[in-house]
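This report refers to the structure that appears directly beneath it.
The values are calculated or read from the model by the stated rules, or taken from the named source; none is laboratory data. Owing to the predicted nature of the structure, the values given are computational and were not obtained by experimental measurement. Neighbour counts run over all protein chains shown; Cβ positions are idealised from the backbone, glycine included.
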Amino acid sequence: MDLIVYGISHQTASIKFLNKVTFLREDYPRIYAELLSLPGIQEVTILSTCNRSEIYAVVLDEQEGIRTLKTFYLDYFDLPGQEASAYFYHHANDKMVRHLFSVIGGLNSLVIGETQISGQVREAYRLAAQFGGTKTILNRLFHKAFEVNKKVRVETEVGSGVVSVGHAAVQLAEKIFYPIQNCRALVIGAGETAALTARHLQQAGVKNIIVANRTLQKAQDLAERVEGKAVPFEQVMEHLIQADIVITATSSPEPLFVKEDIQKILKIRQKRNLFLIDIAVPYDLDPEIREFDGIYLYDIDDLKQIVAQNRASREREAEKAVEIIKIETVDFLNWIKNLQINPTIQKLRRRFEEILEKEFKQYEHKFPEEQWPVAEEMTRRIVNKILHLPTVKLKELYNNPDGIHKISVIKQFFDLE
């Protein structure tokens, strides 16, 4: 028995290629039935997200299992062999366990420490159990993974600090306006960056979100997603007067607002603070706007600096998480080896005893009946001496990093599966 994972992720392939190898949820009953019918596959779990497509499995033999899963991917998605060789990876036993623990802890994510992946792993396990993919080993492995993830989150700060520009912008706004839920936000632009920032505003509890864009339909689409209101771009100035938080993320080649524009609205705003976040490149807002009292202007460079600091902090915390994962990996592997060693020793002994009994029955008529006990005792002592060293060596595999594979080889060698 060996543990393997075979798959592909954002670290080895483009998102475009990943989309080609995504398992659809509605096909899972058929996919699990097919995987479990493959030779040597004993247990299996599919983890398919926008950033990865992996199959975790318990197999009779490591190399055969890897070849089987590779062929499955090639056939299922109709891929040429060279693509699988270029983009796919595989890990076995201790490396497989460490990989899963790193994945659920967010260490292998596009954004280090993100928490969404832990929910995706839980859902993947739930579906695998539902369709009969998991038994003793994978059940224990995934429950251990959930425990490891909790430990990583509690004992490290790997998930703390914002690591996206949009999230950083909203956190800055929360420092100036509290509670932020009572603020009026104006989002100018409807592209990806504007949309992400608007979603962060919504998640922070901001209920009054106005979206303006030169193409009104795009503004309406974004406003609908964040439960806000779309307005024509020509009405931006009147909403700027009312807003507390303004996010600009357009592709305009010229600034949307210059110093004089802001000076006009300040008289009407009556000294109310205005928080401006310019995420556009080039700038949507004239940097000289910073000169006015009550104006808080942050541009993309300010936000990137905050993000970089937080990312560096997460990377330092990730080192602590790696140490936790190493310890927990050894703990799980020892559980498996303990699960296998004693039964393997017992099966090995039974195999030799079966041979002994068979041979003794063939030759017992050649001994006088009164000598049978002596002959039987002598042969049993020989078997015990033969099995002594293999028994000692098997027990030593408990502390061997490659113990799972070596036990598997012994079981195959003596046909003990």
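The rows are residues; the columns are (1) within 18 Å of ARG126 (Cα to Cα); (2) of a type in the set (Val, Ile, Thr); (3) in the same structural domain as THR134 (by TED's automatic domain parsing).
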residue	(1), (2), (3)
GLY40	no, no, yes
GLU43	yes, no, yes
SER53	yes, no, yes
TYR56	yes, no, yes
THR68	no, yes, yes
PHE72	no, no, yes
GLY81	no, no, yes
TYR89	no, no, yes
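Okay, residues lined up against (1) free of Cβ contacts under 8 Å to residues at least 24 places away in the same chain; (2) assigned to a loop (DSSP other than H, G, I, E, B):
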site: VAL158; (1), (2): no, yes
site: ALA169; (1), (2): no, no
site: THR197; (1), (2): no, no
site: GLN220; (1), (2): yes, no
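The single condition from (1) over 24 Å from ASN273 (Cβ atoms); (2) touching a residue at least 24 places away in the same chain (Cβ under 8 Å) that PHE177 fails is (1). Being in contact with a Phe, Trp or Tyr (Cβ under 8 Å, 6 or more places away or on another chain) and surrounded by 15 or more Cβ atoms within 10 Å (Cβ to Cβ) is true for just one of GLY106, GLY133. Which residue is that? Of the residues listed, the single one that is in contact with a Phe, Trp or Tyr (Cβ under 8 Å, 6 or more places away or on another chain) and surrounded by 15 or more Cβ atoms within 10 Å (Cβ to Cβ) is GLY133. Looking at this structure, is VAL211 at pLDDT 90 or above and part of a helix (DSSP H, G or I)? It is false that VAL211 is at pLDDT 90 or above and part of a helix (DSSP H, G or I).
Just name the residue that is modelled with the highest pLDDT out of those in the stretch 229-246 that are surrounded by fewer than 14 Cβ atoms within 10 Å (Cβ to Cβ), of a type outside the set (A, V, I, L, M) and within 24 Å of GLN270 (Cβ to Cβ). The residue in question is GLN235. Look at the stretch 359-385: where a residue is in the same structural domain as LEU348 (by TED's automatic domain parsing) and touching a residue at least 12 places away in the same chain (Cβ under 8 Å) and a partner is surrounded by 11 or more Cβ atoms within 10 Å (Cβ to Cβ) and of a type outside the set (D, E, K, R), sitting 6+ places away or on another chain with Cβ atoms under 6 Å, you get ALA375/PHE367; THR379/LEU356; VAL383/PHE352; VAL383/LEU356. In the stretch 27-38, the residues that are in the same structural domain as VAL58 (by TED's automatic domain parsing) and over 11 Å from PHE72 (Cα atoms) reach residues that are part of a helix (DSSP H, G or I) and of a type outside the set (Gly, Ala, Ser) with C-beta atoms within less than 6 angstrom, at least six apart or across chains, in these pairs: TYR28/LEU127. Taken over the stretch 9-34, the criterion of being in a loop (DSSP other than H, G, I, E, B), surrounded by 11 or more Cβ atoms within 10 Å (Cβ to Cβ) and of a type in the set (Gly, Ala, Ser) is satisfied by ALA13 alone.
Here GLN82 passes the criteria (1) assigned to a helix (DSSP H, G or I); (2) under 24 Å from ALA321 (Cβ atoms); (3) at pLDDT below 90 except the one numbered (2). Residues that are modelled with pLDDT under 90, surrounded by 20 or more Cβ atoms within 10 Å (Cβ to Cβ), β-branched (Val, Ile, Thr) and more than 25 Å from ASN182 (Cα to Cα) do occur in the stretch 247-262, at least one of them.
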